[in-house]
Each structure stands twice: as structure tokens, then as C-alpha cells.
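These notes are about the structure you will find just below.
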Amino acid sequence: MSIHFDLSYANIKLSELKNRFDELSLANEKLMKKTGIGNDFLGWVDYPVQYDEREFSRIKQAAKKIQENCDALVVIGIGGSYLGAKAVISALTSPFYNEEPRVKRNAPKIYFAGQNISGKYIENLLALLEDQDVCVNVVSKSGTTTESAIAFRFFKEFLERKYGKDGAKDRIFITTDASKGALKFMATKEGYECFVIPDDIGGRYSVFTAVGLLPIAAAGIDIDAFIAGEKEGYEDYQNPNFDDNPCFQYALYRNVLYNSGKNIEILVDYDPSLEYISEWWKQLFGESDGKDGKGLFPVAVHFSTDLHSMGQMIQDGPKNHFETVLVIDEEQSEIKVLHDDADLEGLNYLAGKKIDAINEKAFKGTLLAHVDGGVPNGIIHLKKLDAFTLGKLIYFFEKACGLDGYLLGVNPFNQPGVEAYKKNMFALLHKPGYEALTTELEERL
Ligand code: PA5
């Protein structure tokens, strides 16, 4: 099995989970038959068997064109419009991918923009890219998201200055709604190549559409293997046999722990390659679950780095959390600790030992310490870190998140809460139409 869920350290009896199996089956039926709340955003559920083959081959052609024409690809998007691509690319390339020589990478450098409102970030990125050949992929379903729209203005101007309007046209790739929105309108007017985010797939569930696939393919990652993993997830995680369905087990485990009084789930990884998988996971569960005063607060920590900071809080702080650990079973590297004749730091007892084997002991030692400290631990084992397994893992989390939302009694496919900050920001920026709120907020500040 490429993904396995181990409950041995979760302080939950399997029988406790099985007692709630009927409830889970009902949630699963609503999800798979698309009859539950938010069902207009369930296109991702059976997307693995609904692929638009023409769109898929256009993505591959565009990725090839980007590879041939660019030193660097700038992906502009925020939230679900960038985190999936960033997560998969970070997981499957070297931690120093952008610094590697082109012959080694065999694909352009990948930068992200429009995921913050920092002038310094945009300014420095534009300066860095001044003498490089650049392509841009703008990803926005609505087409009006402030962060990405601001960034795109800069990069459109940058490309038009460098290559002229016609040259820029060949370097701009748009991923947006099929027929509506400002970005679609602009793309049609300017003649940019466009890819579609289906109506019934929301941002954080869109990694397997062009949103994720175009930048992932441009980075030279095998998207056929990636979607094959997604398809296997679609098939395996329908298995009604609870013992053989790690996705069902994970969904119920987090719900049972939530009902027992835990309100924070900490996702733990032990390799920097997985840091952005954790960031993507945080967005998926945070935006999906946190509604009506309910939901587990998703936190990510990166060990062993954060054992020297957050480790203290997890071990000895209030016991309101549990950990879910992502472990890659296959070793990532062969390098071994060096011998030193002086041995001043007393490290020679490790000489000749693989770094990965030491990391494994760090994981096991931490697991037992945290369990002894009263922190339940569930472990998600990935057999290896490759495109296939990541495709399956992403589907695993998406499905568990949908199931969990239904178990919680919330709509896991909307995000009404994120509108509050936008309304205030627009009012404070004096956006036309917000005049009354502008006066009210300015009086409060
Ligand atoms: O998951 C979501 O739906 C959100 O995080 C969106 O992806 C994010 O707000 C960006 O929206 P858009 O793609 O419309 O620019």
C-alpha cells in the first residue's frame, strides 16, 4: 500500500471508530453521490474519471513551450490558486531547485507572486528577473482577487516592456473560469492562452486541474503519474471495508479526537520537502472546517527544526492538541555521518550512520515522548515520495476533508468567513461602493 494510516499511538480504540462507521458511510454516500451540502462544488470527487483529455494535452504542450522559452516561470495566485502547485513542486524537486544549473533542472526556475501584499517582494522579484527570459501563469478563478491582480499588473507591464505586446502575449498563460470574470475577459481581449478551472471545483480542491498541473508540468514533474495516483485514491478510498480504508480511518480519527475535546490538529513532517504539503493541508482543512464556531485549528510544524521551538509547547503545554505525523518510509538520501579523529563533540558513535536513519530515530523518540506527554499521535506512512504517491495523498486529504466537514455538520466547500477582511480592506482603500463602511471603520481606527 502506498499510503498507510497507523493508529497505534492515537489513544483511540479501533472499536470507537467503528461505532461511528454508519455515520461515516452516510457522509461518504452524500459526497460520492453529490447530494450533500455544497454539492455544486463536488466536481473534484470524480474528476479522476472525468478528465478533459484535450485540456490535459494542451497543458502538456503549454508546459513544453514554457520550458523551451523561459529561464523562469512566475506563477501568480493566492490560496488554492497557488498552494497545491507550490506544495507538489517543493516536494518533488531539490530544496535548491531555483539555484541549480539549468542542465540539471532541465526546466525553468519557478517563482510565486500575488500570494501576499508586499511591495518589497514584487520589487525584488522583478529586479531578479530583469535579465532573464520569463513566462507568467496567472491563476485566479474569480479573476478579481486583489493580491494576484496587483501582481499581474506589474508582470504584464514587465513582459510588454521586454518583449512588446505581441511577444508578451506568447508568454502569458491564464488559468481561470471557462466563460466569466475579469481575467477571462482580459485573456479573450488580449489573445492569451487560457486554461479552465471548472465551475464545480473550488480553489483548494483544484490541484488536479490546470491550476496545479500547468506549473507542476512546467517544472518537469510527471503529471501522468501524478493523476494516476489521484485515480488510485479515488478507487481505493471508496472501499467500504473500514480496515482497508486509511482515508475513512483518518477522517473519523480527527472527528473522534475533536469530540473528545481536542481543538488543535498539528501536522508534523520530518523533511523540508514536505513543508509546503503541510501549508497546503492547513489551507484545505482551515478554510473547509472552520465554520459556525466549529472545527479543528490546523497547525503545521517541521521537525526536527521545530522540536527546538514548538516541541516544548507540544510536550508540556496545555493538552488541547493531537499530532498527525507524515512519514516517508523510503530513505531520501544515502549520505552518512563523517568520522572525525578528534571527536571533540563526541559524535563518532554516529560515524557511518545514514542521516535518514538518524532522522527516523528522531521521529520514533519524539513519538514516544509526545505520547508519554499525553499527545495522541496518528501516523500517515508514505511508501515513497514521488508524483504518484503525492497525487494519491492529495486525494486522500481532499476526501477526508469533505467527509470530515459532513461529520462536523458544516459546508466544507465554501469560505464565507474570508469575505469579512476583504470588505473592510476595500472600505479602507476607498473602493467605490463601500463609502458608508469607510466612514464607520475610519471612525473606529
Ligand atoms: O480555496 C479557495 O477557494 C480560495 O483559497 C481561493 O483559491 C483563493 O481565495 C483565490 O481565489 P481566486 O482563484 O478566485 O483568485
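Obtain the radius of gyration and the Kirkwood radius of region 210-266 from its C-alpha atoms and give Rg over Rh.
Values: Rg = 16.2 Å, Rh = 13.9 Å.
We get a ratio of 1.17 for region 210-266.
Pop out the ³J(HN,Hα) list for region 298-311 in order, Karplus 6.51 cos²θ - 1.76 cosθ + 1.60 with θ = phi - 60°, rounded to Hz; leave Gly and Pro as x.
Whole-Hz 3J(HN,Hα) from phi for region 298-311: x, 10, 10, 10, 10, 9, 7, 2, 7, 5, 8, 9, 6, x.
Diagonalise the Cα gyration tensor of region 355-435 and give the resulting equivalent ellipsoid semi-axes, square root of 5 times each eigenvalue, largest first, whole Å. Kindly include the intermediate steps, with their values, before the conclusion.
Working: eigenvalues 323, 69, 57 Å².
In descending order, the three semi-axes are 40, 19, 17 Å.
Rg/Rh for the chain: what does it come to with C-alpha atoms and Rh from Kirkwood?
Details: Rg = 23.0 Å, Rh = 23.4 Å.
The Rg/Rh ratio comes out at 0.98.
Tell me, what is the Rg over Rh of region 78-210, with Rh the Kirkwood radius over Cα pairs?
Details: Rg = 14.8 Å, Rh = 15.6 Å.
Ratio value, two decimals: 0.95.
By the scheme Lys and Arg +1, Asp and Glu -1, what is the net charge of all other residues having a beta-carbon under 10 Å from that of residue 36?
Working: positive: 30, 33, 34; negative: 29.
Net local charge, residue 36 excluded: +2.
Taking the chain as a Gaussian network, Cα atoms linked when under 10 Å apart, which of 73, 338, 257 shows the biggest mean-square fluctuation?
The residue that fluctuates most here is 338.
Give me a comma-separated list of calculated 3J(HN,Hα) values for region 37-43, in order, Karplus coefficients 6.51, -1.76, 1.60 applied at θ = phi - 60°, integers in Hz, x for any Gly or Pro.
Ordered by residue, 3J(HN,Hα) equals 4, x, 5, 7, 10, 10, x Hz.
Suppose all protein chains stay in the model; what accessible area per residue would a 1.4 Å probe give for region 386-445, in Å²?
On the way: 2800 Å² over 60 residues.
Roughly 47 Å² per residue, with all protein chains present.
Within the set 109/336; 30/422; 319/392; 282/392; 156/180, which residue pairs have Cα atoms separated by over 24 Å? Please list the in-between numbers first.
On the way: 109/336 30 Å; 30/422 32 Å; 319/392 32 Å; 282/392 18 Å; 156/180 21 Å.
Violating the 24 Å limit, Cα to Cα: 109/336; 30/422; 319/392.
Comparing 24, 42, 344, which has the greatest mean-square fluctuation in the GNM of the chain with Cα pairs linked when under 10 Å apart?
Top of the fluctuation ranking is 344.
Aspartates and glutamates near residue 120 by alpha-carbon distance under 18 Å, same-chain residues fewer than 8 away left out - which ones?
Output for residue 120: 130, 147, 157.
When we measure straight from the Cα of residue 353, which aspartates and glutamates land under 20 angstrom away, once same-chain ones fewer than 8 places off are left out?
271, 329, 330, 331, 334, 340, 341, 343, 345
Between residue 34 and residue 228, with labels modelled 7 Å along Cα→Cβ, what's the label distance in nm to one decimal, could you check?
For residue 34 paired with residue 228, the spin-label model returns 2.8 nm.
Among the listed pairs 169/431; 13/364; 291/399; 104/384, give every one whose C-alpha distance is greater than 26 Å. Show your work: numbers first, answer last.
Values: 169/431 30 Å; 13/364 21 Å; 291/399 18 Å; 104/384 22 Å.
The answer is 169/431.
Using Cα pairs under 8 angstrom and six or more residues apart, how large is the relative contact order of the chain, in percent? Don't jump to the answer; show the numbers that get you there.
Working: 713 pairs, mean separation 98.8, N = 445.
Across the chain, relative contact order equals 22 percent.
Rounded if a/c is under 1.5, else prolate if a/b beats b/c, else oblate: with a ≥ b ≥ c from the C-alpha gyration tensor eigenvalues square-rooted, which is region 176-282?
Numbers: a/c = 2.03, a/b = 1.92, b/c = 1.06.
Note, shape of region 176-282 comes out prolate.
Find how much the distance from residue 341 to residue 6 grows on full extension, using 0.36 nm per residue of separation minus their present alpha carbon separation; answer in nm with one decimal. Before the final figure, lay out each step's value.
Details: separation 335, 0.36 × 335 = 120.60 nm, distance 4.18 nm.
Result: 116.4 nm gained on full extension.
Take the Cα gyration tensor of region 311-386, multiply each eigenvalue by 5, square-root it, and list the three semi-axes largest first, rounded to whole angstrom.
On the way: eigenvalues 165, 72, 10 Å².
Semi-axis lengths for region 311-386 are 29, 19, 7 Å.
Within region 78-117, list the residues whose amide N lies under 16 Å from a label point set 7 Å along Cα→Cβ of residue 441.
Under cut-off, by backbone N: 117.
Each label point is 7 Å from the Cα along the Cα-to-Cβ direction; what then is the distance between the points at residue 127 and residue 430, in nm?
According to this spin-label approximation, the distance is 3.0 nm.
On the accessible surface of the chain, probed at 1.4 Å, how many percent belong to carbon and sulfur atoms? Mind showing how you got there, number by number?
Values: 10670 of 20300 Å².
Accessible surface attributable to carbon and sulfur in the chain totals 53 percent.
Based on alpha-carbon atoms only, what is the radius of gyration of region 396-445 relative to the globular estimate 2.2 N^0.38 Å?
Details: Rg = 17.0 Å, N = 50, 2.2 N^0.38 = 9.7 Å.
Compactness ratio reported: 1.74.
Leaving out ligands and nucleic acids, note down the accessible area per residue over region 126-185 with a 1.4 angstrom probe, in whole Å². Kindly include the intermediate steps, with their values, before the conclusion.
Values: 2710 Å² over 60 residues.
Ligands and nucleic acids excluded, the figure is 45 Å² per residue.
Suppose the Debye formula is applied to equal point scatterers at every Cα of region 1-116; what is log10 I(q)/I(0) at q = 0.18, 0.23 Å⁻¹?
-1.11, -1.32
Taking each full run of DSSP H in the chain as one helix, which ones are at least 27 Å long along their axis (Cα atoms) and have mean Kyte-Doolittle hydropathy of at least 0.5? If you can, show how the numbers build up before the last one.
Numbers: long enough: 387-408 (31 Å, 0.85).
Qualifying helices, which must be both long enough and hydrophobic enough, are 387-408.
The values are calculated or read from the model by the stated rules, or taken from the named source; none is laboratory data. Everything numeric in this text was worked out from a predicted model, so none of it was measured. For neighbour counting, all protein chains shown are included, and Cβ atoms are generated from backbone atoms with ideal geometry for every residue, glycine included. Just the protein is used for accessible areas: all its heavy atoms, side chains included, with ligands, DNA and RNA removed. Shrake-Rupley method; radii C 1.70, N 1.55, O 1.52, S 1.80 Å.
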